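Chemist: A single structure is presented below for examination.
The values are calculated or read from the model by the stated rules, or taken from the named source; none is laboratory data. Remember, it's a predicted structure, so these values are computed and weren't measured experimentally. For neighbour counting, all protein chains shown are included, and Cβ atoms are generated from backbone atoms with ideal geometry for every residue, glycine included. Just the protein is used for accessible areas: all its heavy atoms, side chains included, with ligands, DNA and RNA removed. Shrake-Rupley method; radii C 1.70, N 1.55, O 1.52, S 1.80 Å.
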Amino acid sequence: MKQEIQAHNNVLELIGNTPLIKLNNITSGMKGNYFAKVEAFNPGHSTKDRIALHIIEEAERKGILSPGDTIIETTSGNTGFSIAMVSIIKGYECVLAVSSKSSKDKIDMLKTMGAKVYVCPAHVSADDPRSYYEVAKRLHNEINGSVYINQYFNELNIDAHYHTTGPEIWNQTAGKITHLVACSGTGGTISGTARFLKEQNPEIKVIGIDAYGSVLQKYHQTRQFDANEIYPYRIEGLGKNLIPTATDFDQIDAFIKVTDESSAHAARELAKTEGLFVGYTSGAAMQGLKQLEEEGIFSEEDNIVVIFPDHGSRYMSKIYNDEWMEQQGFTDAKSQDTVGIEYI
Ligand code: PMP
């Protein structure tokens with residue numbers, strides 16, 4: 001029998017079709033069946049690969065982008081990495097304005113992937129000329145032939161998940177999903193996935209995870225922007241200090257808020273109990289699940305899908321670093337490791 005070479009043409013062919021993995025241990029004593037959509041299995045190690053590929057290919061289809069053009073974006077790191085990866089394969093320049101809250105690992109990774117990175121102060125208002133939004137807008141105006149991805153205000157962000165994450169979860173659960181739990185930053189993941197799933201079955205409940213210090217939950221409840229909700233917090237990529245149009249609030253039934261500390265502990269617990277080495281917002285999503293279960297919203301036969309947005313390797317200098325945890329005051333009994341390092 002003649003054997004064919006089995007190879008992907010390039011790394012972009014591996015985007016999407018991430019596995020759904022049952023959570024067995026961390027959920028013990030919790031009512032319901034829990035499944036994690038582990039987005040770290042994307043080649044860029046996060047869910048943002050999906051939107052980078054979709055938005056860039058849509059721009060190509062519309063004739064907006066041609067080889068050698070520049071792609072600009074504001075990003076907490078993951079979207080930047082994904083855009084940089086797609087840009088390398090497709091031959092674009094990648095320029096990124098990132099928040100100073102992003103970990104050094106993430107910024108170094110973006111440089112490694114060939115991006116030009118501008119680091120902007122995290123705790124300034126969105127309309128401040130130093131904010132990453134304003135810096136990206138300025139660069140877009142200055143650079144000829146540039147495209148600004150603008151993930152917070154781009155409908156195609158929702159569209160990417162409507163066409164990929166939603167159908168994948170529907171098929172992987174054989175249509176038996178009862179609840180979707182997902183982080184909300186731009187809102188693209190939760191909105192697009194929910195839009196598809198609710199079209200299949202309007203009974204599916206969708207719960208967004210928000211951070212203390214973010215305006216999303218309050219806006220969902222009141223449809224009013226309340227600046228009093230805003231204060232600094234640690235989790236990167238979750239919650240927001242503005243209302244993104246990439247969030248379709250009508251698709252979301254409720255938001256729940258989680259703390260920086262409980263989310264960090266939940267991420268560490270996922271590694272120890274499930275062998276899943278995932279990021280800070282995955283910990284936030286897991287923490288949200290626990291709180292929802294404590295509120296009694298799940299029953300024994302429910303099939304709950306939680307989306308884990310990225311990989312743990314991006315947080316080695318943060319939640320997976322004991323000194324960092326201590327500096328934040330996140331060292332109660334729960335964070336003490338049962339195994340440690342022994343120097344011989
Ligand atoms: N987790 C991480 C690590 C992220 O970078 C983001 C994106 N900001 C999210 C969660 C939230 O996803 P979305 O923007 O689709 O709401």
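Chemist: Highest mean first, how do 56-67, 319-330, 33-44 rank when packing is the count of other Cβ atoms within 10 Å averaged over residues? The partial results should precede the final answer.
Modeler: Working: 56-67: 13.7, 319-330: 15.4, 33-44: 22.8.
Put in order of decreasing packing, that is 33-44, 319-330, 56-67.
Chemist: Please go through the residue pairs K37/K101; K257/K318; K31/K318; K176/K290; K37/K137 and name each one whose alpha carbons sit more than 23 Å apart in this structure. Could the numbers behind the result be given before it?
Modeler: Details: K37/K101 26 Å; K257/K318 21 Å; K31/K318 32 Å; K176/K290 21 Å; K37/K137 33 Å.
As for pairs spanning more than 23 Å Cα to Cα, those are K37/K101; K31/K318; K37/K137.
Chemist: Kirkwood Rh, the chain, all Cα pairs: how many Å? Can you show the working numbers first?
Modeler: Working: mean 1/r = 0.0487 Å⁻¹.
Radius from the Kirkwood sum: 20.5 Å.
Chemist: Counting only C-alpha contacts under 8 Å and six or more residues apart, can you give the relative contact order of segment 47-148 as a whole percent? Please list the in-between numbers first.
Modeler: On the way: 167 pairs, mean separation 28.3, N = 102.
So the answer I get is 28 percent.
Chemist: Also, quick follow-up: Using alpha carbon coordinates only, what is the Rg to Rh ratio of segment 237-277, with Rh defined as the Kirkwood radius?
Modeler: Values: Rg = 14.1 Å, Rh = 12.7 Å.
That ratio is 1.11, to two decimals.
Chemist: Just want to confirm a number: the relative contact order over segment 87-209, from Cα pairs under 8 angstrom separated by 6+ residues, in percent.
Modeler: Values: 152 pairs, mean separation 21.7, N = 123.
Once divided by the residue count of segment 87-209, the mean separation gives 18 percent.
Chemist: Calculated from DSSP H runs of 4 or more alone, at -39500 (n - 2.57) each and per residue, what is the 222 nm mean residue ellipticity of the chain, nearest 500?
Modeler: Numbers: 11 runs with 120 residues, N = 344.
Result for the chain, helices only: -10500 deg cm²/dmol.
Chemist: Using a 1.4 Å probe on the protein chains only, how many percent of the accessible area of the chain belongs to carbon and sulfur?
Modeler: Working: 7520 of 15400 Å².
For the chain, the apolar C and S fraction of the accessible surface comes to 49 percent.
Chemist: While we're here: Given the C-alpha centroids of segment 161-233 and segment 46-125, what is the distance between them in whole angstrom?
Modeler: 23
Chemist: Could you tally the net charge around A36, taking each other residue with its Cβ under 12 Å from the Cβ of A36, Lys/Arg +1 and Asp/Glu -1? Working shown, then result.
Modeler: On the way: positive: K22, K37; negative: E39, E274.
Charge balance in the 12 Å sphere: 0.
Chemist: Shifting gears a bit: Considering only DSSP beta bridges where both residues belong to segment 1-141, give the percentage that are antiparallel (nearest 5).
Modeler: Details: 3 of 14 bridges.
So the antiparallel bridges amount to about 20 percent of the total.
Chemist: From the square roots a ≥ b ≥ c of the eigenvalues of the alpha-carbon gyration tensor of segment 19-158, which class results: rounded (a/c under 1.5), prolate (a/b over b/c), or oblate? Each step should come with its number before you reach the end.
Modeler: On the way: a/c = 2.15, a/b = 1.57, b/c = 1.37.
It comes out prolate by the Cα gyration axes.
Chemist: Another question about this same structure. Residue by residue through segment 90-101, what is 3J(HN,Hα) from phi via Karplus (6.51 cos²θ - 1.76 cosθ + 1.60, θ = phi - 60°)? Round to whole Hz and write x for glycine and proline.
Modeler: So the J values, rounded to whole Hz, are 9, x, 10, 7, 10, 10, 10, 9, 10, 7, 5, 6.
Chemist: From the phi of every residue in segment 194-203, what ³J(HN,Hα) in whole Hz does the Karplus formula 6.51 cos²θ - 1.76 cosθ + 1.60 yield, where θ is phi - 60° and glycine or proline is x?
Modeler: Result, ordered by residue: 5, 4, 5, 5, 6, 5, 6, 8, x, 6 Hz.
Chemist: Once you put a point 7 Å from the Cα of A126 and another 7 Å from the Cα of N144, both along the Cβ direction, what distance in nm separates them?
Modeler: 3.2
Chemist: Moving on to the next point. Show me 256-262, 299-305, 280-286, 191-197 ranked by packing, highest mean number of other Cβ atoms within 10 Å first.
Modeler: Values: 256-262: 20.0, 299-305: 15.7, 280-286: 29.4, 191-197: 25.6.
Highest mean packing first, the order is 280-286, 191-197, 256-262, 299-305.
Chemist: Compute the accessible area per residue over the chain, keeping the other protein chains in place, probe 1.4 Å, unit Å².
Modeler: Details: 15400 Å² over 344 residues.
Roughly 45 Å² per residue, with all protein chains present.
Chemist: Over the chain, what is the percentage of antiparallel beta bridges among all DSSP beta bridges, to the nearest 5?
Modeler: Numbers: 5 of 38 bridges.
Roughly 15 percent of the beta bridges in the chain run antiparallel, per DSSP.
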